[in-house]
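Trainee: Right, I'll just put the structure down here and ask away after.
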Amino acid sequence: MAPPLSSWPWASLGQYKYMLFGPLVWKVVQEWREQGGGLPLGSWWLHLLVLFAVRGLTYQFWFTYGNMLFFTRRRRVVADGVDFRQIDAEWDWDNFLVLQTLIGAAVVNSPLLPGLRQLCLWDPRGWAVALLLHVGFSEPVFYLAHRALHRAPLFARYHAAHHSSGVTQPLTAGYGTPLESLLLTLAMGAPIAGAFLMGAGSIGLVYAHAFVFDYLRAMGYSNVEIVSPRVFDAFPPLRYILYTPSYLSLHHREKRGNFCLFMPALDALGGTLDSRSWALQRAAYGGGEGGGALGTPEFVFLAHVVDIMSSMHVPFVLRSLSSIPFANHFILLPFWPVAFGFMLLMWCCSKTFVVSFYYLRGHLHQTWSVPRYGFQYFLPAAKKGINHQIELAILRADRMGVKVLSLAALNKNEALNGGGTLFVNKHPDLRVRVVHGNTLTAAVILNEIPSNVKEVFLTGATSKLGRAIALYLCRKKIRVLMFTMSSERFLKIQREAPPEFQQYLVQVTKYQAAQNCKTWIVGKWLSPREQRWAPSGTHFHQFVVPPIIGFRRDCTYGKLAAMRLPKDVRGLSSCEYTMERGVVHACHAGGVVHFLEGWDHHEVGAIDVDRIDVVWKAALKHGLAPV
């Protein structure tokens, strides 16, 4: 049997827990009607709902800032990344906000604080009372309660789950049991309640106190230092008045000191102040030894934005959504105008930036993004600018000492830069190896095809991938119906095949030619009308971006070529576009294999068909697995 106050009573409701606010919403509606349709600004019920939203946004904004690696990667306290286990554990991080809102509603509806009946916008006396009560009551009570929670058996029953999060994040601040949240509510609410009991409370005090309290909590858990050590050097007493993310991080990791709420003076008086706190703060802020600044990556995957909706599927926007495969969630629609504005801003003045990272066998891997969207790659006027962005990213990686840089999807478009050959030819002395990853992409597609297949229908047949797939399959004596209108391109590819296998390559110019073929390999977009020519039971393998829409219910559709990263990957916290957790596109995986193997050649331009099996076996050897 679980200890009392160790689990949330609404846990079974999931996302429907917000229905608990139904009575508050109804109260607001009633008051709105009573006022003849005017906004009930004097309604505590309305203020409680607004406070819930504002407080949630405070933690969200701090989370967003802390995970904008292009701003904060040099001032991180802990270099490790958050993993999916921590994200799932902290999924309902806002339970404490729900609890405090419901407690607030109960207080408002009771005669305990008569001062609540008469709303005052501003009363400076209340601010003084709240400050005194915070220093004299909230800080000591929280400190003593926190120390008690670190003793057996309370720690195992109530506090261990909170410390199970490996890396602090602003959302980690809310991850805890009801008992912990009640203690936090007491520490936060006492100054406000005291001010109202003394007749000095005001609505301004409630908002300001809640905001400052949450702001400091979110800052402490942010894992990013923002206050310069020079400030503490200039005013040493400040070290005992205001904690830092480094200060809290030491407590969270080692659990044996730094128990205060916001004021380290309590730890100093209680003999629990960790003497390393200031040195760690200095190292983290300066990005020096001992801090958690992200070092130089050894592998970089150079991605790009697909569209405006998917631009919000990044780790620093909504963690819950980025931790699952991308889909057009309705919750993102209100943010579309903001995302559109950022697209224009990035088009005008942005450069390649760091999006995410993970560790594989002790090596730092990062994903960078070119600040361009999918549609821009098809604008003739944008070609030069996009290539310039990619070139700058490659040169930056070369200066940093990156060993392998892999190009994503449109960044290696043949018409754009010849699959990366443009940059390798222009900069022959590059130390970083540029990889398009298409060799492994071809290998993944080819290994999806059942061994008993004797005939396939191939669209996009004369593309880089289409050519490699056709040449590989014909060597296996599999008949390839190559859909192309260009006889010249077809004959060029056919002549590349050994003479004894050229007969297996057949040019077709109509989809009707494949009406008896149940294996379609799609490298060019297919409309519903074109898909109708496939016989019932057809499986569509595909390497077209974006993937085709599955209109046929009597057929099956494969996803884009992808591989699952090895099991020993660490700090992976987001899904790559529509991929499942831990799965990356084959071109990303191809770069990883290139790095792990230590190959010193560039993989650009045409695919070397002879290396398809070599790359596939290397991927399996290093623990990458087909999906």
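Trainee: Among ASP267, ASP214, ASP274, which is the only one that is assigned by TED's automatic domain parsing to the domain that holds SER138 and surrounded by fewer than 20 Cβ atoms within 10 Å (Cβ to Cβ)?
Mentor: The conditions single out ASP274.
Trainee: While we're looking at this one, here's another question. Given the options ASN452, ASN425, name the one that is assigned to a helix (DSSP H, G or I), surrounded by fewer than 18 Cβ atoms within 10 Å (Cβ to Cβ), out of contact with any His (no Cβ under 7 Å at 6 or more places or on another chain) and not hydrophobic (A, V, I, L, M, F, W, C).
Mentor: Every option except ASN425 fails the conditions.
Trainee: Here are the criteria: (1) more than 30 Å from VAL78 (Cα to Cα); (2) surrounded by fewer than 17 Cβ atoms within 10 Å (Cβ to Cβ); (3) among the β-branched types (Val, Ile, Thr). Tell me which single one VAL135 does not satisfy.
Mentor: Going through (1) more than 30 Å from VAL78 (Cα to Cα); (2) surrounded by fewer than 17 Cβ atoms within 10 Å (Cβ to Cβ); (3) among the β-branched types (Val, Ile, Thr) one by one, VAL135 breaks only (1).
Trainee: Related question: For region 511-548, give me the residue count where each residue is free of Cβ contacts under 8 Å to residues at least 12 places away in the same chain and not in a helix (DSSP H, G or I).
Mentor: 1
Trainee: Go through (1) surrounded by fewer than 20 Cβ atoms within 10 Å (Cβ to Cβ); (2) under 28 Å from ALA284 (Cα atoms); (3) touching a residue at least 24 places away in the same chain (Cβ under 8 Å) for PRO245 and report which single condition fails.
Mentor: (1)
Trainee: Any residue that is among the small types (Gly, Ala, Ser) and either more than 24 Å from GLY194 (Cβ to Cβ) or in contact with a strand residue (DSSP E or B) (Cβ under 7 Å, 6 or more places away or on another chain) (or both) - is there at least one of those in region 57-76?
Mentor: Yes, the conditions are met somewhere in region 57-76.
Trainee: When you scan region 458-478, do you find a residue that is in contact with a strand residue (DSSP E or B) (Cβ under 9 Å, 6 or more places away or on another chain), surrounded by fewer than 21 Cβ atoms within 10 Å (Cβ to Cβ) and assigned to a helix (DSSP H, G or I), even just one?
Mentor: No - not one qualifying residue is present in region 458-478.
Trainee: Also: Which condition number does ALA106 fail, the rest of (1) surrounded by 18 or more Cβ atoms within 10 Å (Cβ to Cβ); (2) among the hydrophobic types (A, V, I, L, M, F, W, C); (3) more than 30 Å from ALA279 (Cα to Cα) being met?
Mentor: (1)
Trainee: Residue by residue through region 444-501, note down the ones that are of a type in the set (Ser, Thr, Tyr), over 24 Å from HIS588 (Cα atoms) and in contact with a Phe, Trp or Tyr (Cβ under 8 Å, 6 or more places away or on another chain).
Mentor: THR484
Trainee: Looking at ALA284, is it aliphatic (A, V, I, L, M), in contact with a helix residue (DSSP H, G or I) (Cβ under 9 Å, 6 or more places away or on another chain) and modelled with pLDDT under 95?
Mentor: When the stated conditions are applied, ALA284 passes them.
Trainee: Just to confirm my filter: which helices (runs of 4 or more DSSP H) fall fully inside region 123-189 and include at least 2 residues that are closer than 18 Å to LEU5 by Cα?
Mentor: The helices (runs of 4 or more DSSP H) meeting that bar are 139-149, 160-163.
Trainee: While we're here: Can you name every residue in region 577-605 that is surrounded by fewer than 15 Cβ atoms within 10 Å (Cβ to Cβ) and touching a residue at least 12 places away in the same chain (Cβ under 8 Å)?
Mentor: GLU580, ASP600, HIS601
The values are calculated or read from the model by the stated rules, or taken from the named source; none is laboratory data. These numbers come from a predicted model, not from an experiment. All Cβ positions, glycine included, derive from the backbone under ideal geometry; neighbour counts span all protein chains shown.
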